[in-house]
Amino acid sequence: MKQILGLAAMLVLATPAIAQRPAPNPFSDKLATLKDVPRRAVLRRAILDSNLWCDRVSQDLRRGSWRNLSVWNARCGRGADYGIFIGQDQSVQVRPCKDLVALKLPRCVLPERLKGARL
């Protein structure tokens, strides 16, 4: 009996953990299929609805998933950079990129801004 339990324990420890696939996020998937202008308009609306400022989204990047959220990064033309987190229920949370590390959220990966450049 002890041998069987020992063998079972060895099998469990030797079996690699199965990577969990993120749950589908139809809203974020649909957003990814849009052309640049409509997609950036949706991201800008999410930023404005979060009481943050953005004149226009000049760059965006779909980062993938974090926990049960789809992660996007957006850069505003003359504003800040934002992390946008989209839930499976179409809920959206927007945070300035500069705050993400303190909040223990995934960092933004947008390229550095060129000094004096307007994107």
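Observations on the structure shown:
- Peptides 59-68, 97-106 ranked from most to least packed give 59-68, 97-106, packing being the mean of other C-beta atoms within 10 angstrom over each peptide's residues.
- Subtracting the Cα-Cα distance of Asp36 and Lys98 from their residue separation scaled by 0.36 nm leaves 19.9 nm.
Each value in this text was obtained by applying a stated rule to the coordinates, not by laboratory testing. Because the structure is a prediction, the values reported are computed rather than measured. Don't worry about glycine lacking a Cβ; one is built from the backbone with ideal geometry, like all the others, and counts go over all protein chains shown.
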